[in-house]
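Written out below as structure tokens is the structure these notes cover.
The values are calculated or read from the model by the stated rules, or taken from the named source; none is laboratory data. In this text the structure is predicted, and so the values were computed from the model without any measurement. Reconstructed Cβ throughout: ideal geometry from the backbone, glycine too, with neighbour counts over all protein chains shown.
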Amino acid sequence: MSKNTLFDRVWEAHTVRILPDGRTQLFIGLHLIHEVTTAPAFNALREEGRKVLFPERTFATVDHTVPTDDRSRPLRDEEAEAVTDALEKNAKDFGIRLAGLGDPRQGIVHVIGPGLGLTQPGMTIACGDSHTSTHGAFGSIAFGIGTTQVKDVLASQCLFVRKPKVRQIKVNGHLNPRVYAKDVILAIIRKLGVKGGIGYAYEYTGDVIKALDMDGRMTICNMTIEGQALVGYINPDLKTVAYLCGRPFVPEGIKFLERSISWLGSASGSDAEFDKIVEMDGEDITPMATWGTNPGQSVGVSEPIPLDADPKALEFMGFEAGKPIKGTKVDVAFIGSCTNGRISDFRTAAWLIKRNGLKVASGVRALAVPGSEATKKEAEAEGLHEIFQQAGFRWGEPGCSMCLAMNPDKLVGRELCVSTSNRNFVGRQGSPTGRTILMSPASVVASAAAGKIVDVRELA
Amino acid sequence: MEKILRVEGKAFCLSPGNNVDTDQIIPGKYMKWLTMSGFGPHVFEDERAKSKGEHPFDLPENKGRTILVVGENFGCGSSREHAVWALVGWPIRAIIGESFAEIFRGNSAPNGLVCVDVAPKFRAKLEEWLRRYGEANVCVNLTEMVVSIGYVDGALGFKYDSCTMPDEHREMLISGQWNTTEALLSVGEETIRKVALSLPYIGQS
């Protein structure tokens, strides 16, 4: 059993009681909600005549269904309008803060939580979205829940959960140039498998993880769920503290100092014990790309597709085992999502465009969508939008966009998309036959410019 | 919810049925509905459209079958409870698999969907058996935690193996007490507030 890890401490601090069957009633410090998975939960509250116990501990936004172009109301998509409208009504009826369409705080729930400083170390965080693991980058215990559990949190600010084991994943050494957090997490999932995390929380550590900025750390924790661990976290350090300083929901002055001490103190102790430790070398990781239909099916972009690759996935993708993925024609390029829709992602991509004078190849549809209004504003202040637009990208309004086919940004037919999102499941991007290649933002711009999948290291 | 002590019926397989994600179970375009019902006809919609009648959910012999046999990590990916609502709406009453993704599993019990784990060897046998004797009855017994396969004439207990599921889910199903909200609140608001106030980010702010 794990001991003295951040996970153990934060879990214990939030324990309301332990049930005879071993489950914990866990207090949830921050509940984030969005328009898609919540309406039936609010309906159930009404039916059962319940109130929201801690309305000030829930924060709502709209992200999954919002269009990234024309956002005038009513939205053109009637169903999207209906869910947006329902969330607005529910937030009002139950006294919950909402960053709705047009609000400068609106954005993807996993981008705005940290961006606004709602997400803080040592918290427990739940949201009706599996990528809630993102917030673990700050040293919080954060996990995705279903709609029934959303109702539980609204009504009681608690959940019944079984404490998982804790596995430490240590990425040692350093990363080579043009290798990013996205490549690291794809390499981790490849190594541990898409079901390797069942029953575990992951603590990411090692020099590679410590050297990442907060945006990169969020990319790592974000995709934890793709390996079936519900929770992934990174111990808070001075980078965490520096990121949070001055954010809207973070206290100021002496209170900030006090809070910082408590944050830093929550990190796993040197005497921490883990249920399991896995080590990897950062130097071994190269720019990655998925070849299949789950995020574990990936290779270094310059490597051939493994000989033992799943034939069903290969058939769907139109690939062959033993053949390179490099050189495959690209139809669509997407930069954005809760995985790679943050300022550092756009800076990296824009820098590469500018440095190499890249233009999106003819016939490629390219889309860059900031994860939040704040990210968009920050990027535009730096002139990044112009770099993307001049290169041939459409610069969109913030939302989940082409990650998940719940808004107008979708693949058509058998299009192949190089995407910075998190899931290459069949049909994920909106076309039952559309194909997704998961990559880092740098790899996506390089491939968009070449019109085919390339190794970003081959750029000057 | 009514008590579920056993699910008995005819079964069919998704083969190999490994890493079946919730985007496949219910495509994203249906996530904009405000209700919990109506998803049943759309279960595996994209896959079924591609299979043109050959998908296990569309084969005439599987019509009316309520038990699904799957592989490992069933229900991975998105946390959407809509995936469970779609399966229940079909209606699927029980899923026998090698393993389930955690969020999917957590969503299943409160909706009365029985998800049990069996050993890979038993699943392979079960598949083989169903291929030969598809009309056989299958029974998932939650009192004894066994899966049994019977003859076509309905005589049960010919072949069986133990199955598992988290205790709390079993408890929910066999007691019919699936609404956890009441149980969470039974500790008392004051107790919950006390824990809240003991937290550095609440108590001292």
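If you go through the stretch A:206-216 and pick out every residue that is in contact with a strand residue (DSSP E or B) (Cβ under 7 Å, 6 or more places away or on another chain) and in contact (Cβ under 8 Å) with a residue 60 or more places away in the chain, you end up with 3. Taking the criterion of being under 19 Å from A:VAL10 (Cα atoms) and without any contact (Cβ under 8 Å) to a residue 12 or more places away in the chain, the residues of the stretch A:248-268 that qualify are A:GLU258, A:ILE261, A:GLY265. For the stretch A:312-330, the criterion of being crowded, with 23+ Cβ neighbours inside 10 Å and either more than 30 Å from B:ALA101 (Cβ to Cβ) or of a type outside the set (A, V, I, L, M, F, W, C) (or both) is satisfied by at least one residue.
Got at least one residue in the stretch A:139-148 being farther than 30 Å from B:HIS169 by Cβ and either more than 11 Å from every other protein chain (Cβ to nearest Cβ) or touching an Asp or Glu at 6+ places or on another chain (Cβ under 8 Å) (or both)? Within the stretch A:139-148, one or more residues are farther than 30 Å from B:HIS169 by Cβ and either more than 11 Å from every other protein chain (Cβ to nearest Cβ) or touching an Asp or Glu at 6+ places or on another chain (Cβ under 8 Å) (or both). Residues in the stretch A:2-13 that are more than 16 Å from A:ASP271 (Cβ to Cβ) and under 24 Å from the mean Cα position of the chain (by Cα): A:VAL10, A:TRP11.
When you look at A:ALA181, is it within 27 Å of A:THR58 (Cβ to Cβ), touching a helix residue (DSSP H, G or I) at 6+ places or on another chain (Cβ under 9 Å), crowded, with 24+ Cβ neighbours inside 10 Å and away from chain B (no Cβ under 13 Å), yes or no? The answer is no for A:ALA181. Got at least one residue in the stretch A:164-181 being farther than 18 Å from A:SER133 by Cα and small (Gly, Ala, Ser)? The answer is yes, given that some residue of the stretch A:164-181 is farther than 18 Å from A:SER133 by Cα and small (Gly, Ala, Ser). Give the residues of the stretch B:58-75 that are touching a helix residue (DSSP H, G or I) at 6+ places or on another chain (Cβ under 7 Å) and either at the interface with chain A (Cβ under 9 Å from one of its Cβ atoms) or without any contact (Cβ under 8 Å) to a residue 24 or more places away in the chain (or both), sorted by residue number. Listed by number, the list holds a single entry, B:ASP58.
For (1) assigned by the TED database to the domain that holds A:GLY107; (2) closer than 17 Å to A:ARG423 by Cα; (3) in contact with a Phe, Trp or Tyr (Cβ under 9 Å, 6 or more places away or on another chain), each residue gets a yes or a no:
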residue	(1), (2), (3)
A:GLU279	no, no, no
A:GLY296	no, yes, no
A:GLU303	no, no, no
A:LYS326	no, no, no
A:ILE335	no, yes, yes
A:CYS338	no, yes, no
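Screening A:ALA60, A:ALA41 for residues that are out of contact with any Phe, Trp or Tyr (no Cβ under 8 Å at 6 or more places or on another chain), part of a strand (DSSP E or B) and aliphatic (A, V, I, L, M) leaves exactly one candidate, A:ALA60. All of (1) within 21 Å of the chain's Cα centre (by Cα); (2) free of Cβ contacts under 8 Å to residues at least 60 places away in the same chain; (3) away from chain B (no Cβ under 14 Å) hold for A:LEU238 with one exception: (1). Scanning the stretch B:1-57 for residues that are of a type in the set (Asp, Glu) and loosely packed, with under 15 Cβ neighbours inside 10 Å, we see that the one that is nearest to the other protein chains (Cβ to nearest Cβ) is B:GLU54. Consider the stretch A:149-166 and keep the residues that are assigned to a strand (DSSP E or B) and more than 7 Å from chain B (Cβ to nearest Cβ). The one that is surrounded by the fewest Cβ atoms within 10 Å (Cβ to Cβ) is A:LYS165.
Against the test of being of a type in the set (S, T, N, Q), in contact (Cβ under 8 Å) with a residue 24 or more places away in the chain and in a loop (DSSP other than H, G, I, E, B), the options B:SER108, B:SER79 yield a single qualifying residue, B:SER79. Residues of the stretch A:188-200 include none that is touching a residue at least 12 places away in the same chain (Cβ under 8 Å) and farther than 30 Å from B:GLY97 by Cβ.
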